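Input: a single structure, listed below in structure tokens.
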Amino acid sequence: MVMIKTRYGSETGIDDSALEEFRAGFGGEMLTADDATYTEVREIWNAMIDTRPALIARCQSPDDVILSVNFARDNGLVFSVRGAGHNIAGNSLAEGGLLIDLSPMTGVEVDEDAKTARVQPGATLGDFDNATQAFGLATPTGINSTTGIAGLTLGGGFGWLSRSYGMTIDNLLSADVVTADGELVVASESSHPNLFWGIRGGGGNFGVVTSFEFQLHEVGPEVLSGLIVHDAADAQAALEFYREFAAQAPDALTTWVVMRKAPPLPFLDEAIHGTDVVVFALMYNGDASEGEEVIAPLRAFGTPVGEGIGLNPYVGWQQAFDPLLTPGARNYWKSHNFGELSDDTVAILIRYAQNLPSGFSEIFIAQMGGATSSIASDATAYVGRDAGFVLNVHTRWEDAADDERCVAWAREFFDATLPYASGGAYVNFMTAEESGRIEAAYGQNHERLIAVKDEYDPDNLFQFNQNIAPSGG
């Protein structure tokens, strides 16, 4: 017998016969705490999350997902859904519940003629990029290749191609979704349009996506990209220059800012390693010679301590930040959207960058605009179309003894920048305790999201997410 938590706050025993019946129709592997691989399988990217599900159902197909959802619903069980396990909040794991694990489902099928890709929910961005770049194609995703395509897409998704082609959700053509009643439906503009609207930014609130269909674009296979590194002593001038440069940049160019201690990059003098720096990270999506002209002012600014810009494989550039975001460390993020980087905001950024709580922590400023802002704010569930920049603090450390200090620093920084933020939030960057921000994160779209929840999950079976509660509570 397996003891497992119910949706009603109690615990129930699943007897061996019921479990065997579940296993008999299930095509994947099932694990309990007694299995040798349980500990390895239950681990996710953020080491702060130490959650132990009672039963792990490792799905191989949509049929396995349907069976798992039906089993959880019919037995009143708490359950969670995991793609690649990269969510900062750890919502993919429910303590003592059932884990519907999609990570074995990693297939990517590319239709070169139609320029589309069909992607399973366990695939990472690396899986996706490797498959699509074989044909010189890509779609906007994130900047860390180990991120899961499912969680990224359901929360919105943005990266180096977003100013050219919009957010990940803006390139989603359809999705196969297992709903709360165990039905597999196709969500698109013409089929279940309310559901399609909701999954484009509304997270995992409405069902389990078993397949995503994306529009692809011709990209690469090499792109002009790289880093320009400045000493932190020049941060004031660098940030003031950046905001002026970013305001005039064409949509083909995306430039982000990273404030951190310098990693041991090969083009940096060893004496720079570990010192405070301001980094311009950029990618130009287009002809490299045109890109060289566009970025010339950025390269000419100030006196960099190092530069590594050139033609790089798009797949390689998508992996450039992987060494800074490896699994197994303790992570805590805080995030704001900004319309602009005011003088006061710049001053706060500099002050906190001078006092990072660990050598692994960093302040990211992502440039938005371009095609991300060309979509109406109510066209998808994601509402933050007016954001010029998204700021994310990657607070990252190794020793649990530093938890309180590092989390407190991130929260203090978040509070200090709040008066200058534009409102809203990117749900993929929100931590577990930020449920109070959900309504603000969705703004004018929140009421419609409740209506979609009422239609597709009125009993709130899918609650391990940045939860949108149905109107019934």
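Can you tell me the relative contact order of the range 6-155? Whole percent, Cα pairs under 8 Å, sequence separation 6 or more. Numbers along the way, then the final one.
Values: 260 pairs, mean separation 29.8, N = 150.
The normalised contact order for the range 6-155 reaches 20 percent.
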Whole angstrom only: what separates the Cα centroid of the range 269-284 from the Cα centroid of the range 158-212?
37
Distance between Cα centroids, the range 9-58 to the range 390-465: provide it in whole Å.
28
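Which order do the peptides 56-65, 430-439 take when ranked by the mean count of other beta-carbon atoms within 10 Å per residue, highest first?
The peptides rank, most packed first, as 56-65, 430-439.
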Here, the range 178-223 modelled as identical Cα point scatterers in vacuum has Debye log10 I(q)/I(0) at q = 0.23, 0.24, 0.29 Å⁻¹ of -0.82, -0.87, -1.19
Sum up the charges of everything whose Cβ sits under 13 Å from the Cβ of GLU183, counting Lys and Arg as +1 and Asp and Glu as -1, but leave GLU183 out.
-4
Hey, can you grab everything whose amide H is under 5 Å from the amide H of GLY306? Only 5+ residues off in sequence or another chain; H modelled, so Pro and N-termini drop out.
VAL229
Quick one: work out the % antiparallel among DSSP beta bridges in the range 2-101, nearest 5.
50
Under 8 Å for C-alpha pairs, at least 6 residues apart: give me the relative contact order for the range 71-224, rounded to a whole percent.
22
In cubic angstrom per residue, the convex hull of the range 222-307 built on its Cα atoms measures 87
I need to check one value: relative contact order of the chain, counting alpha carbon pairs closer than 8 Å and at least 6 residues apart, in percent.
16
Ranked packing of 252-263, 331-342, most packed first, by mean Cβ within 10 Å
252-263, 331-342
Eligible lysines near LYS5 by straight Cα distance, threshold 24 Å, same-chain separation 8 or greater
LYS453
Just grab the label-to-label distance for ASP322 and ASP454, each label 7 Å out from Cα along the Cβ direction, in nm (one decimal).
4.6
List the residues, sorted by chain then number, that are 5 or more residues from ASP457 or on another chain and whose placed amide H is less than 5 Å from its amide H.
none
Gain in length, ASP63 to GLU222, computed as 0.36 nm per residue apart minus the alpha-carbon separation, to one decimal in nm?
53.3 nm
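Would you mind telling me the antiparallel percentage of the DSSP bridges in the chain, rounded to 5? List each step's numbers first, then the result.
Details: 74 of 82 bridges.
The antiparallel proportion sits near 90 percent.
Let a ≥ b ≥ c be the square roots of the eigenvalues of the Cα gyration tensor of the range 64-205; is it rounded (a/c under 1.5), or, if not, prolate (a/b larger than b/c) or oblate?
prolate
Which value in deg cm²/dmol, rounded to the nearest 500, describes the helix-derived mean residue ellipticity at 222 nm for the chain, given -39,500 (n - 2.57) per DSSP H run of n ≥ 4 and division by the residue count? The partial results should precede the final answer.
Working: 14 runs with 128 residues, N = 473.
Calculated mean residue ellipticity at 222 nm is -7500 deg cm²/dmol.
Could you give the length gained by full extension between GLN248 and ALA376, i.e. 0.36 nm per residue of separation minus their alpha carbon distance, to one decimal place?
On the way: separation 128, 0.36 × 128 = 46.08 nm, distance 2.21 nm.
Gain in length upon complete extension: 43.9 nm.
Bear in mind that the values in this text are calculations on the coordinates, not laboratory data. Since the model is a prediction, treat every value here as computed from it, not as a measurement. Don't worry about glycine lacking a Cβ; one is built from the backbone with ideal geometry, like all the others, and counts go over all protein chains shown.
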